[in-house]
Amino acid sequence: MNTHDFDISVLLPTRARTDILFRSIRTLFDLADNKDRINLVIGFDRDDAKGIDYFSQEIQPWLSEHDIEYSAMIFEPMGYANLNVYYNWLAKQQSADWYLFWSDDATMDTQGWDTKITEYNGQFKLLKVHTHNEHPYSIFPIVPHKWYDLLGTLSRHQMPDAELSQIAYMLDIVEIIDVSVIHDRADLTGKSPDATHQNRVCFEGNPNDPRDFHHQSKRDQRMKDCATLATYMHSVDPSSTEFFKNVLEGRQDPWEKLAANDINKQQVQFPIRTESGK
């Protein structure tokens, strides 16, 4: 019995992207087993005439022709510094079992990706796809609706992939699924960067900045969110929180499994520390 309107809500903030945005959307629905169980939720900046015009002239007719459920939201421009705010608002009104954080420079590369996600229905997991260089983070996080219900948000920081992944590793709920995504980002693929990429601002690397991912206030908040999620997990299955309990008691390295998944040593530049600072 379905408790939500859709299996998956694809959350897609975009700016000034045209053909690559269309390519990204087509791969999602061309490779889905049950496109009628997926809805696309796309967000535009109000001043993005280029993106909005292309969507209305090219993408919107294609979505309608293929009977794809979608909605579009217009935002006052907030910039990449507030990427999480876009995702949170896109998710707020959606009724789906799973939220998929998507990007307009990503392409789906696995037939039946939606079925592989719904195999985990009823489980409280952060699902992680295979992508560039097998980064240990879930670069395109997939989380159950319950995550939003419990925290009242999806992400509190501009870097949702890092935030959600660290929380999930501390709770030992990261699940790697047999889905591959190509992330066609300039610094990853070597293509010429466009203005959208060049104007990216990332708050990581300066722990003294209150906006930085590693600032003490951000680490403290992640611990609070872990505790909230763990309380729910314990209510469903008391044994599911043993890992986190051991982390709190200092008997478990919270990043043990993150390190094991970091096969290409991509966390060297910004060393991961425990939330207590150890």
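Observations, loosely collected:
- Of residues in the range 15-31 being polar (S, T, N, Q) and in contact (Cβ under 8 Å) with a residue 60 or more places away in the chain, the one nearest to TYR80 (Cα to Cα): SER24
- Residues satisfying the stated conditions in the range 229-253, i.e. under 25 Å from the mean Cα position of the chain (by Cα), surrounded by 12 or more Cβ atoms within 10 Å (Cβ to Cβ) and of a type outside the set (Gly, Ala, Ser): LEU229, TYR232, MET233, HIS234, VAL236, THR241, PHE243, PHE244, VAL247, ASP253
- Meets criteria (at pLDDT below 95, among the acidic types (Asp, Glu) and more than 17 Å from the chain's Cα centre (by Cα)) for ASP220: no
- Within the range 43-54, tally of residues that are out of contact with any strand residue (DSSP E or B) (no Cβ under 7 Å at 6 or more places or on another chain), surrounded by 15 or more Cβ atoms within 10 Å (Cβ to Cβ) and in a helix (DSSP H, G or I): 1
- Test: THR115 is of a type in the set (S, T, N, Q), touching a helix residue (DSSP H, G or I) at 6+ places or on another chain (Cβ under 7 Å) and at pLDDT 95 or above: no
- Of all residues in the range 69-106, those satisfying the criterion of being buried (at least 18 other Cβ atoms within 10 Å of the Cβ) and part of a loop (DSSP other than H, G, I, E, B) are GLN94, TRP102, SER103, ASP104, ASP105.
- Filtered by the rule that a residue be in contact with a Leu (Cβ under 8 Å, 6 or more places away or on another chain) and over 10 Å from LEU127 (Cα atoms), the range 167-178 gives ILE167, TYR169, LEU171.
The values are calculated or read from the model by the stated rules, or taken from the named source; none is laboratory data. Note that the structure is a prediction, hence the values are computed from the model and not measured. In this analysis, Cβ positions are derived from the backbone assuming ideal geometry, glycine residues included, and neighbour counts consider all displayed protein chains.
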